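In what follows, a structure is listed as C-alpha cells, so that the remarks can point back to it.
The values are calculated or read from the model by the stated rules, or taken from the named source; none is laboratory data. Bear in mind that the values here come from a model prediction, so they are computed numbers and not experimental data. Here Cβ is always computed from backbone atoms with ideal geometry, including for glycine, and neighbour counts include all displayed protein chains.
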Ligand SMILES: [Zn+2]
C-alpha cells in the first residue's frame, strides 16, 4: 500500500515536474520552524546536494520504495556471517531513487507535492545536522564517510514484534548504516522528517557510531557486553548515546531560525499520549534525579531488560549538561568537548571508545563515573569543568570521590561539590 503511494508520487513527478539542472548550492523552499513556533515555507540553500531530483548529495542519498524485514526466523538472516550478508538478508526490496518535483519560482525551487516538501525538508535537516557536527563538533569532513543512504517511507517490519510495518518513527539503523524515515500515521502535526531537532537526534547516533563504535555496524563493546546476564557497561553506553543525541539536537536548534529550543520534541509529540514523551525529554527541566531503583537497574539488568530506561538515564545526563552549559554561557564549548570525548587516543584523556576498549573484558568497570570522566577531561575551561562536575554529581548521583582527588588531574577540580537539587543516594 505504502509503496503504491510512493510509486504514484514518483510517476506524477516524472509526468508534471520539471527536472531542473542544478549544482550546489540550490535554492529551495523547505518547512522550517519560525519564531511563532509554526512550520512554514522558508527559502533555504542546500549546499551539499548534487542531484535535487533524486535528492542525492554528499550528506545523504534518498531511496524510496524499499522493504526491510527483520525476522529472527529468516533463514537468510540466520546464515548471514558478514555485515554485508546481514544487510542483504534484511533488504527484501532495495527500492529506487526518489523523484522530487518542483516549480521554479524566480530561481527558488518550490516543492510541487507533499512528499517533495517532506523529503527536501528532511534533506535540509540532515544537512544542518552535518554542518553542526562539522563546525560546532569540529569533525573533519573526511570523517563523515560516504553519504548516508536515507530510506524514505520504507516498509520496515520487525517481525518478532509486529507483522505490520512500523510507522511514526525516524531512526539511524547502524546495522545498515542508514537513516529510515518511516511513514507517519498519528504524528501528522509535524511529521518527524520535518522536525529538525529529531533529525539531528538521529544524526547524532550516526556520529556516536562513527566515533565511539569506530563505525562498526555491530559495535563490539555493545554486542559482547549485551551477551552477559547483566550488562552495566552496555547500559551506560546506550544511555550516553541517547542523552548526548538529545543534547546535540538541542545544540542544533540554537543555530536555527526559532533559536534555542529545549522542548523541540513538542511540535511532533504534541497530542496525548505522545505529549508525555515531549515532557519527559524537555532538557530545560532542572529537577530530575537518579533514583536508587534506576541505579540498581542500570547496574544489574541485561540490555534487553533495561530497554527504554536508557532514555531516563540519558535525559538525566542531557539535562545536567544543559544546566552546566547554559549556566556558564558556554554551550558550544561544552558541545565541542563532548564530541572530542568520543574518541581520543591520548592516554591522559582517553575517549569513550578507548575506555570501552580498556574495559572490554570487564564491563563492571565501565561505569557512569568512567564514561562521565571522558567528557569532564575534555572540558578545559575550569569554571565550566567545575559546573559540569557539580551537575553530574548531583543529577546522576556520581560519588564525588570518583571524580575528585583521583590520580587523573584532568578530572574534577578540588573545588567541585555536588549541587543540592537531588537527595543524596546511599553508597552502592
Ligand atoms: Zn535515539
Mind listing whichever residues of the stretch 265-280 are buried (at least 24 other Cβ atoms within 10 Å of the Cβ) and either within 13 Å of the ligand (Cβ to nearest atom) or assigned by TED's automatic domain parsing to the domain that holds residue 174 (or both)? 265
Mind counting the residues in the stretch 369-410 that are surrounded by fewer than 20 Cβ atoms within 10 Å (Cβ to Cβ) and in a loop (DSSP other than H, G, I, E, B)? 9
So residue 213, is it within 16 Å of the ligand (Cβ to nearest atom), under 25 Å from residue 116 (Cβ atoms) and touching a residue at least 60 places away in the same chain (Cβ under 8 Å): no
Does the stretch 220-227 contain at least one residue that is touching a residue at least 60 places away in the same chain (Cβ under 8 Å), within 16 Å of the ligand (Cβ to nearest atom) and over 20 Å from residue 392 (Cβ atoms)? yes
Between residues in the stretch 13-40 that are closer than 12 Å to residue 52 by Cα and residues that are modelled with pLDDT under 85 and assigned to a loop (DSSP other than H, G, I, E, B), which pairs lie under 9 Å by C-beta distance while being six or more apart or on different chains? 26/20
Quick one: would you say residue 257 is away from the ligand (no atom under 16 Å from the Cβ), in contact with a strand residue (DSSP E or B) (Cβ under 8 Å, 6 or more places away or on another chain) and not assigned by TED's automatic domain parsing to the domain that holds residue 130? yes
Is there a residue being away from the ligand (no atom under 16 Å from the Cβ) and at pLDDT below 90 anywhere in the stretch 193-210? yes
Subset of the stretch 48-65, residues at negative phi and touching a helix residue (DSSP H, G or I) at 6+ places or on another chain (Cβ under 9 Å), comes to 48, 49, 52, 53, 57, 58, 59, 60, 62, 64
Counting only residues that are part of a strand (DSSP E or B) and within 11 Å of the ligand (Cβ to nearest atom), the stretch 164-179 contains a total of 3
Where in the stretch 266-337 are there helices (runs of 4 or more DSSP H), lying fully within it, with 3 or more residues that are under 20 Å from residue 374 (Cα atoms) and in contact with a helix residue (DSSP H, G or I) (Cβ under 6 Å, 6 or more places away or on another chain)? 309-327
